[in-house]
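Working notes, structure below.
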Amino acid sequence: DIKKFKPSKNIKKEPYTVGTILRTAKWKRCQDVIKTLNRVIKEIPDIKLLATGTKLDLEGLEKTAGEKIKFKVELVNAKNDKELVEFYSRSSVFLFTPQEEGFGLPPIEAMACGTPVVTTDCKGIREYSKNSYNSLICDVGDINNLTKSVRKILNDKKFANKMVVNGIKTAKNWNWNKVAKRLEDVLLEDKKISEAN
């Protein structure tokens, strides 16, 4: 809903803040967030993780990663769309690391809020995500590339701004009205094909 998910004039991006949604399900691969930021901090010591989730999630993921967290962490409890918009808007970059997803709503919500995205090629994001246009796409589990991509966005403001502009354009093409119209067109086309046979 681009009436809700949009860049906020009242919320400033927090420098060197990486947003993510923490989940402990294996296929979400959130342990890769820990591994990535433990490498980013070597070059950017002020890095901070802004994450939805709980302290228990974080402790479980730290065990799965096999690495202690070396960066600052702030956990938030986004209970509604307004709080999600604030979460995305505070982040300098949104990091999404699953092995596989359906559509993958969080990256496009982040784009709509004006936040650059680094994501794994988890299949569903192929519907809207274009590498180096509106996001940086890495192979699943490729910690080196995820690290380089996060650093690129945090260190190259011109490139990050390009991601923001193109991300907002992309999100506008995926609003509920346009998606509903596309679905209706597909169903009507299927009906025509069925009637012709």
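The values are calculated or read from the model by the stated rules, or taken from the named source; none is laboratory data. Keep in mind that this is a model prediction, so the values were computed, not measured. Please note: Cβ atoms are built from the backbone with ideal geometry, for glycine as well, and neighbour counts cover all protein chains shown. Accessible surface is based on the protein model in full, side chains and every heavy atom, while ligands, DNA and RNA are left aside. Shrake-Rupley method; radii C 1.70, N 1.55, O 1.52, S 1.80 Å.
A few comments on the model shown:
- Given charges at beta-carbon only (K, R positive; D, E negative), |dipole| of the chain in Debye: 700
- Shape analysis of the chain based on the Cα gyration tensor places the equivalent ellipsoid semi-axes at 30, 19, 16 Å, largest first.
- Under 15 Å, Cβ to Cβ, from residue 113 - net charge with Lys/Arg +1 and Asp/Glu -1: +4
- Overall form of segment 26-112 per C-alpha gyration tensor (a/c, 1.5; a/b vs b/c): prolate
- Estimated dipole of segment 75-153 in Debye, rounded to 20 [Cβ of Lys and Arg +1, of Asp and Glu -1, Cα centre]: 300
- Of the residues 76, 33, 85, the one that moves most in a GNM of the chain with alpha-carbon contacts below 10 Å is 76.
- For trypsin sites (Lys or Arg not before Pro), the sites in segment 46-90 that DSSP calls loop and that have at most 11 other Cβ atoms within 10 Å are 68, 79.
- Cβ-derived FRET efficiency at R0 30 Å, residue 99 paired with residue 158, nearest 0.05: 0.40
- For the pair residue 173 and residue 24, a Förster radius of 41 Å applied to the C-beta separation gives a FRET efficiency near 0.80, rounded to the nearest 0.05.
- At the listed q of 0.21, 0.25 Å⁻¹, the Debye profile of segment 61-107, built from one uniform point per Cα, gives log10 I(q)/I(0) equal to -1.03, -1.15.
- Charge dipole of segment 1-55 (Cα centre as origin; +1 on each Lys and Arg Cβ, -1 on each Asp and Glu Cβ, all else neutral): 240 debye, rounded to the nearest 20.
- Whole-angstrom gap from segment 94-164 to segment 51-89, using each part's C-alpha centre: 18
- Between 0 and 90°, nearest 10: helix 157-172 axis offset from the chain longest Cα axis: 30
- Dividing the summed -39500 (n - 2.57) terms of all DSSP H runs of n ≥ 4 by the residue count of the chain sets its mean residue ellipticity at 222 nm at -14000 deg cm²/dmol.
- If R0 is taken as 45 Å, the Cβ-Cβ distance between residue 76 and residue 195 corresponds to a FRET efficiency of 0.30.
- Counting only protein heavy atoms and a probe of 1.4 Å, the accessible surface of the chain is 52% carbon and sulfur.
- Cross-link pairs beyond the 25 Å C-alpha cut-off, checked among 123/172; 13/148; 26/79; 12/72; 48/79; 35/82: 35/82
- Average accessible area per residue (Å²) across the chain - probe 1.4 Å, nucleic acids and ligands excluded: 55
- Computed over the chain: relative contact order in percent, which uses C-alpha pairs under 8 Å that are six or more apart: 23
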